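What follows is a set of notes on a single structure, which appears directly below.
The values are calculated or read from the model by the stated rules, or taken from the named source; none is laboratory data. None of these values were measured; they are calculated from a predicted model. Counting neighbours? That spans all protein chains shown, and the Cβs are built from the backbone with ideal geometry, glycine included. Protein only, heavy atoms only, side chains kept; ligands, DNA and RNA dropped before computing areas. Shrake-Rupley method; radii C 1.70, N 1.55, O 1.52, S 1.80 Å.
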Amino acid sequence: MPYRWLMDEYRKTNLTNWDERVDGHMAPDGYDIDRLVDDPDWITPVVRHDASKLGDVDGLSILHSQCHIGSDTLSWAKLGAVVTGLDFSPKAIAAARSIADRMQVDATFVETELYDAPNHIGGTFDLVYTGVGAICWLPDLKTWARVMASFVKPGGRFWIRDSHPAMMALDDSRDDDQLVVRYPYFHQAKPINFSATESYAGTAKLKNPDSYSWAHSMADVINSLMEAGLTLVRVDEYQHLDWQFLSFMEKRDDESWVLPEAVRDNVPMQFSVLASKP
Ligand SMILES: C[S@@+](CC[C@H](N)C(=O)[O-])C[C@H]1O[C@@H](n2cnc3c(N)ncnc32)[C@H](O)[C@@H]1O
């Protein structure tokens, strides 16, 4: 099923959309690339958070799946990891390589469809890392988990932190402060079509606004990883996001976004799963 999907319209639409987002994300009002390059001590808030959970990565090999323009991947490199990033967008991979060159960091970025990654990336890694807006773009979680697990060294770890499926079911188009369920929580084979002329970062207008995404329940995430041979170490749920999802969310000093206090306990915004390979 995933290999037939490689050629289908949903994938092509998503690839066009992700390719087009890259220029806006590289612009000064997009991701903070100049800061990443110029300030040797600065790492992205995403990696700052996850490093506090994963501990010292100095000398570890890390595979970053769906690495986009590599800002998180290269933040792991700043912490001493030997990094490889994969993404299906040629423009994202070209941007990641250009940032690595500017930083004079030795990093490997591989352009590949996730489901085809074992044909393009050899070896195994101490940590296979994925996060923040990744699995909703994938139609088949069982194959995703098998691909992820295949890259983890025996004794190595797998980590994902991503949008919580309960949060993804909410209606993000409302301009009042109501939490209203609009989309399915459980997986459906047919994806949800979104159309947005702006990305979540930067102000560039998109000429290819359409994208398709799939819901994956918490049980699907956890069971797919266990069925792929990984051992669950820890599951967490969080009240914050690294981007603004609803108009009435509040930005905190650490650059994360939360719901107003009155409803903060009502729904989780993100989850993480840490697993290991025996
Ligand atoms: C929201 S981004 C990940 C964001 C990343 N955490 C960051 O902020 O830099 C999602 C990435 O998934 C990639 N992607 C989507 N579908 C993919 C697929 N089927 N195979 C490989 N990469 C894919 C996109 O190109 C995009 O770079």
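Observations, loosely collected:
- Of all the criteria given as (1) open to solvent by 70 Å² or more (accessible area, probe 1.4 Å); (2) in contact with a Leu (Cβ under 9 Å, 6 or more places away or on another chain); (3) within 16 Å of the ligand (Cβ to nearest atom), the one not satisfied by V233 is (3).
- Flag if E111 is charged (D, E, K, R), farther than 25 Å from K153 by Cβ and within 13 Å of the ligand (Cβ to nearest atom): no
- Residues in region 238-277 that are acidic (D, E) and free of Cβ contacts under 8 Å to residues at least 40 places away in the same chain were compared, and the one that is nearest to V180 (Cα to Cα) is D265.
- For region 126-150, filtered to residues that are assigned to a strand (DSSP E or B), away from the ligand (no atom under 11 Å from the Cβ) and under 18 Å from the mean Cα position of the chain (by Cα), the residue that is nearest to S163 (Cα to Cα) is V128.
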